[in-house]
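The values are calculated or read from the model by the stated rules, or taken from the named source; none is laboratory data. Keep in mind that this is a model prediction, so the values were computed, not measured. Backbone-built Cβ (ideal geometry, glycine too); neighbour counts: all protein chains shown. Surface areas here come from the heavy atoms of the whole protein model, side chains and all, with no ligands, DNA or RNA. Shrake-Rupley method; radii C 1.70, N 1.55, O 1.52, S 1.80 Å.
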Amino acid sequence: MELTNEAMFRYILDSIPYRIVFVDTDHIIRFLNKEARHHYYEVRGYDDLIGQSIFNCHTEKSKEMLIAAVEKLKNHGNEIFLGVSVYNERKYINPVRNEKGELIGYFERFERNMQK
């Protein structure tokens with residue numbers, strides 16, 4: 001079976017047990033991994049979020065926090081811890097840069113405590 005790079009990367013990201021939401025620099029959602037699709041579509045009841053503003057599913061306070069975090073990322077910042085979600089998950093925002101180091105977007109990552 002031959003895989004395209006796109007399919008391979010989707011399979012890799014879908015295998016991660018945390019929600020990953022990739023957003024471009026205009027704050028438009030471009031990718032949800034399998035865990036994120038399940039959470040937002042099945043659990044939260046949203047329709048297709050691809051192509052929608054990330055702010056459509058955030059409060060005004062969260063919107064302000066994300067905008068401030070992205071400004072830090074624009075200035076060559078690294079991963080930023082945003083706090084703990086209502087689902088008791090650690091929330092992070094990570095920069096995604098092109099080969100020139102320019103910010104092309106970011107992804108939100110949510111980690112839950114996997115220990116029992």
Problem set entry | Within region 24-46, considering residues that are among the charged types (D, E, K, R) and part of a helix (DSSP H, G or I), the one nearest to residue 10 (Cα to Cα) | 34
For this session: Just name the residue that is modelled with the lowest pLDDT out of those in region 51-84 that are over 22 Å from residue 40 (Cβ atoms) and polar (S, T, N, Q).
Result: 75
Exercise. Cβ-Cβ below 9 Å, separation at least six or inter-chain, first residue in region 40-67 and without any contact (Cβ under 8 Å) to a residue 60 or more places away in the chain, second open to solvent by 80 Å² or more (accessible area, probe 1.4 Å) and acidic (Asp, Glu): which pairs?
Worked result: 41/47; 41/48; 53/26
Problem set entry | Residues located in region 78-97, provided they are touching a strand residue (DSSP E or B) at 6+ places or on another chain (Cβ under 7 Å), in a loop (DSSP other than H, G, I, E, B) and either among the β-branched types (Val, Ile, Thr) or open to solvent by less than 40 Å² (accessible area, probe 1.4 Å) (or both) | 85
Exercise. Is at least one residue of region 89-97 among the hydrophobic types (A, V, I, L, M, F, W, C), more than 25 Å from residue 17 (Cβ to Cβ), out of contact with any Ser or Thr (no Cβ under 7 Å at 6 or more places or on another chain) and without any contact (Cβ under 8 Å) to a residue 60 or more places away in the chain?
Worked result: no
Seminar exercise, completed: Inside region 1-23, the number of residues satisfying the requirement of being among the β-branched types (Val, Ile, Thr), surrounded by 13 or more Cβ atoms within 10 Å (Cβ to Cβ) and not in a strand (DSSP E or B) is 1
Exercise. Can we say residue 104 is in a strand (DSSP E or B) and touching a residue at least 60 places away in the same chain (Cβ under 8 Å)?
Worked result: yes
